4 protein chains.
Amino acid sequence: MSTSIAVAVLGAAGRMGAAAVHAVEQAPDLELVAAIGRGDDREQAVRAGAQVVVDLTVPDATRDNVRWAIERGLHAVVGVTGWDEDALAEVRDALAERPGLGVLIAPNFAIGAVLAMRFAQVAARYYESAEIIEMHHPDKLDAPSGTARHTAAAIASGRASAGLGPVPDRTRSDPDGARGAVVDGIHVHAVRLRGLVAHEEILFGGVGEELTLRHDSFDRVSFMPGVLLGIREVASHPGLTVGLDGYMELD
Amino acid sequence: MSTSIAVAVLGAAGRMGAAAVHAVEQAPDLELVAAIGRGDDREQAVRAGAQVVVDLTVPDATRDNVRWAIERGLHAVVGVTGWDEDALAEVRDALAERPGLGVLIAPNFAIGAVLAMRFAQVAARYYESAEIIEMHHPDKLDAPSGTARHTAAAIASGRASAGLGPVPDRTRSDPDGARGAVVDGIHVHAVRLRGLVAHEEILFGGVGEELTLRHDSFDRVSFMPGVLLGIREVASHPGLTVGLDGYMELD
Amino acid sequence: MSTSIAVAVLGAAGRMGAAAVHAVEQAPDLELVAAIGRGDDREQAVRAGAQVVVDLTVPDATRDNVRWAIERGLHAVVGVTGWDEDALAEVRDALAERPGLGVLIAPNFAIGAVLAMRFAQVAARYYESAEIIEMHHPDKLDAPSGTARHTAAAIASGRASAGLGPVPDRTRSDPDGARGAVVDGIHVHAVRLRGLVAHEEILFGGVGEELTLRHDSFDRVSFMPGVLLGIREVASHPGLTVGLDGYMELD
Amino acid sequence: MSTSIAVAVLGAAGRMGAAAVHAVEQAPDLELVAAIGRGDDREQAVRAGAQVVVDLTVPDATRDNVRWAIERGLHAVVGVTGWDEDALAEVRDALAERPGLGVLIAPNFAIGAVLAMRFAQVAARYYESAEIIEMHHPDKLDAPSGTARHTAAAIASGRASAGLGPVPDRTRSDPDGARGAVVDGIHVHAVRLRGLVAHEEILFGGVGEELTLRHDSFDRVSFMPGVLLGIREVASHPGLTVGLDGYMELD
């Protein structure tokens, strides 16, 4: 008999949290046992029999939430940013005493963004040129996006592994900065346009050809398949996994 | 009986000039009567009975070439950049004494680029956001391209005619300049990628929608339909025309 | 003193109608005086002092609604499909007796779609090849979309006005129909993809170059600027206007 | 001391062959020892000390050329189409007696097309919808392209491995075939446009998101990096390898 996985959502009143609550409720193989907002007692999750905790709270709270989940013997799926190496090391140490327990910390649950980044790292080995254009709504406060910065790093790592040097660029005159930001040696452009949500285009060029990888997020619901994948897989991936790609079959 | 138009090409040894010589030779309604390179005597064109002179030389020579063509009573189609208002005024004055004679000075003979720029000016009236991405091979020396600058000016003019204010942009943090150049209030991004030739993408955004205009020049031959259009139409457009769009039916 | 325009919405309970009610309420220069659903009495609009009626009902009701609006001396902005020549002629006859009264019947209120279609008609004169790709969500029942069919007709008309013959196509073997539908001589492709809403890409090709026009509708709200434009302009365009482009400055 | 690889090109007078001759001549680590056209004696390659033979002839000749190369103890890099299972089995058998000898048979040497196909197979596991648009010049005789058919097969295989069923499509009315060809359950569209060379766009859609992979071949030279990769790697891949991806690091 197949039994469902018991899930508690922390940060259930936020936008991402509410979407996760809805997605878990809709999934036939999952059971929502607790939806915990700011001010609620997270021990509800334990009393309700949760097996997996989804943390969609805020950077200030997430480290303590994961510490607590490990103590209580709950698998954790975490979609909060702001984790540094110290914090990750603490999680690894705590998990070392809890064999069988899994924690997934994923800065980006959009499966398409994860795929695009992985593909970019592979393709980077084979192209003389690479460049990134990220496009978002005009209310975004920072440029370029964190995803674009991660993608630039992935491309730089792919190029290094293939022994490629700097990208070719004979620009002599660029008085207004049209060539954009340079992140890890890769030019990154940020477009802000009313009507857009979150989009990334990764361009690779070689003699006589171009390869383009593009990911469009039209709606926050696009993160939910990644969250559900995390919930379903966390118990079979003991220890700490950083990045949703650790749970995906990418080759 | 339909007779062909007699054409002389100045700058025939350059890359654009050679392409024009070839295109004129291929056109059944045109006759190449002189192909004049650096050091050749341009009076050959007169002796050979040219009706239209195509000037594809260099900025240093073009002003004198047009002066000469008008004196000789030849229509002129000019694809050289570097014309300022003074130089244009001189042409207008000279043509005032030569009713029936036509001169076309066109910075860009790519019909698609001309169309994209015109469409951009019209669309600009109806969208809250507008942004430009130009893409070229990495050996280009300047950024952004002249075409992108002209397009930004066209968009700014369209926005002004509709009473639109600045484009929305709440960016607070952009430490590396990912938002690109700002030309006439419009953000312009320059991509440099091996394998590309000359490409421009013009993006318009409004609530819930996006309009994209894109022009790709894969090869210098793409300028030739515009050159031929100029040759065929110059005699029926007396006076000075600046920009190929003056000969096109754009509405 | 600037006074606002009094607006009544028919079909206010439908999805488009509800969006229009909201958009009118948000617009500072418009005043919603009646929101009339199925079964409500449309005379409410008259009693409330409406100057403009927006009809977003269904094909079965729209003809009678417009007849009624003209009788009551109300300008009408109509976003319902299914109008044939007979029905339009009846509107023209009724308006002949009502100088100063305006009716706008627009099959598509997306300004971007209207712009793309107009631009397509102009560009069609200058390109040897033209093709259309429309992309929608997979729950759409018909292929290709009505917008794509209209665009094909606009391209065909542009080509005819320039004396262009059939598009070049040397395909000899296409056993599975990959070349798509042929509408007015133009190949049209329909893509159906989960996550999409309504998108159209219009491709023009000539020797060495390509021109692409693309319109993306991400959300029904993208129709509202067109509805508001219609409401604001209908009183200054007496008689019948078919198509939102009649109110736009497109050249 | 690093010595160069001695290369012979069969089919050197064809367009691909001539490009390969040029590319080998330009590569500092390769030495062209024989360029053999139709009617020339291929034994020249042996006499000139070739280590690797590149076969860019025609389907009628390639099978015999590979048989001969194996007999002579030459590694072979083959870019000719038309290999069936029987022919491949014969190569495997012949190579079984020649340990250390390598043969690469690659239907497509465009690295970008190979990458796009591999990425498509991986991404296919994660998306409800997938569709292909291939775009070529209008002189192409068949539709859809072989690359598009192979991509459809790769997507179908990825979907099967993830247990995905048919793509969603509620189309009820498509009188003119706008939904295109269906290859291995995947809809494939073929666009033919003057000015294009060879382009493929692979679209994946899920709730709220889209992933696009696009490859543009602007010029035949884009195949050369793949040919050179094959020449450099064939000696370290004994036995038969089908597809350039067998020599690439794709994960």
Qualifying residue in the stretch B:234-242 (condition: facing another protein chain (nearest Cβ under 7 Å), touching a Leu at 6+ places or on another chain (Cβ under 7 Å) and either without any contact (Cβ under 8 Å) to a residue 24 or more places away in the chain or crowded, with 23+ Cβ neighbours inside 10 Å (or both)): no
Filter result (closer than 14 Å to A:R38 by Cβ and touching a Lys or Arg at 6+ places or on another chain (Cβ under 8 Å)) within the stretch A:3-25: A:L10, A:G11, A:A13, A:R15, A:M16
Complete set of residues in the stretch D:205-225 that are surrounded by 21 or more Cβ atoms within 10 Å (Cβ to Cβ), of a type outside the set (F, W, Y) and farther than 30 Å from A:S217 by Cα: D:S222, D:M224, D:P225
Matching option when the condition is buried (at least 20 other Cβ atoms within 10 Å of the Cβ), within 19 Å of B:G17 (Cβ to Cβ) and among the hydrophobic types (A, V, I, L, M, F, W, C), among B:V46, B:V58, B:V77: B:V77
Which numbered condition B:V80 misses (of (1) more than 20 Å from the chain's Cα centre (by Cα); (2) touching a residue at least 24 places away in the same chain (Cβ under 8 Å); (3) under 30 Å from C:V207 (Cα atoms)): (1)
Condition met for A:L88 (surrounded by 13 or more Cβ atoms within 10 Å (Cβ to Cβ) and either under 26 Å from A:H150 (Cα atoms) or outside the structural domain of A:V9 (by TED's automatic domain parsing) (or both)): yes
Out of B:S173, B:S129, sole residue that is crowded, with 20+ Cβ neighbours inside 10 Å and among the hydroxyl-bearing types (S, T, Y): B:S129
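Condition (residue is over 23 Å from A:A190 (Cβ atoms), exposed (fewer than 15 other Cβ atoms within 10 Å of the Cβ) and touching a residue at least 12 places away in the same chain (Cβ under 8 Å)) applied to the stretch B:105-120: is it met by at least one residue?
So far as the stretch B:105-120 goes, no, none of its residues is over 23 Å from A:A190 (Cβ atoms), exposed (fewer than 15 other Cβ atoms within 10 Å of the Cβ) and touching a residue at least 12 places away in the same chain (Cβ under 8 Å).
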In the stretch C:167-176, the residues that are within 7 Å of chain D (Cβ to nearest Cβ) and within 23 Å of C:A154 (Cβ to Cβ): C:P168, C:D169
Residue in the stretch D:123-146 that is out of contact with any Gly (no Cβ under 8 Å at 6 or more places or on another chain), away from chain C (no Cβ under 14 Å) and either of a type in the set (A, V, I, L, M, F, W, C) or touching a residue at least 24 places away in the same chain (Cβ under 8 Å) (or both) present: no
Extreme residue, farthest from the other protein chains (Cβ to nearest Cβ), among residues of the stretch C:177-222 that are within 21 Å of the chain's Cα centre (by Cα), outside any strand (DSSP E or B) and farther than 21 Å from D:T212 by Cα: C:D184
Evaluation of D:E134 against (1) touching a Lys or Arg at 6+ places or on another chain (Cβ under 8 Å); (2) outside the structural domain of D:M16 (by TED's automatic domain parsing) (one fails), failing number: (1)
Residue tally, condition part of a helix (DSSP H, G or I) and under 19 Å from C:H75 (Cβ atoms), over the stretch C:26-57: 5
Some residue of the stretch C:149-166 being within 8 Å of another protein chain (Cβ to nearest Cβ) and either crowded, with 19+ Cβ neighbours inside 10 Å or touching a Ser or Thr at 6+ places or on another chain (Cβ under 6 Å) (or both): no
Residue selected from the stretch A:202-251 under the condition among the aliphatic types (A, V, I, L, M) and under 25 Å from D:F109 (Cβ atoms), by the criterion modelled with the lowest pLDDT: A:L250
Some residue of the stretch C:225-240 being basic (K, R) and in the same structural domain as C:A87 (by TED's automatic domain parsing): yes
Of all residues making up the stretch A:18-34, the number that are touching a strand residue (DSSP E or B) at 6+ places or on another chain (Cβ under 6 Å) and either surrounded by fewer than 22 Cβ atoms within 10 Å (Cβ to Cβ) or not small (G, A, S) (or both): 7
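The values are calculated or read from the model by the stated rules, or taken from the named source; none is laboratory data. These numbers were taken from a predicted model, which means no experiment stands behind them. Every residue, glycine as well, gets a Cβ built from its backbone with ideal geometry; the counts of neighbours run over all protein chains shown.
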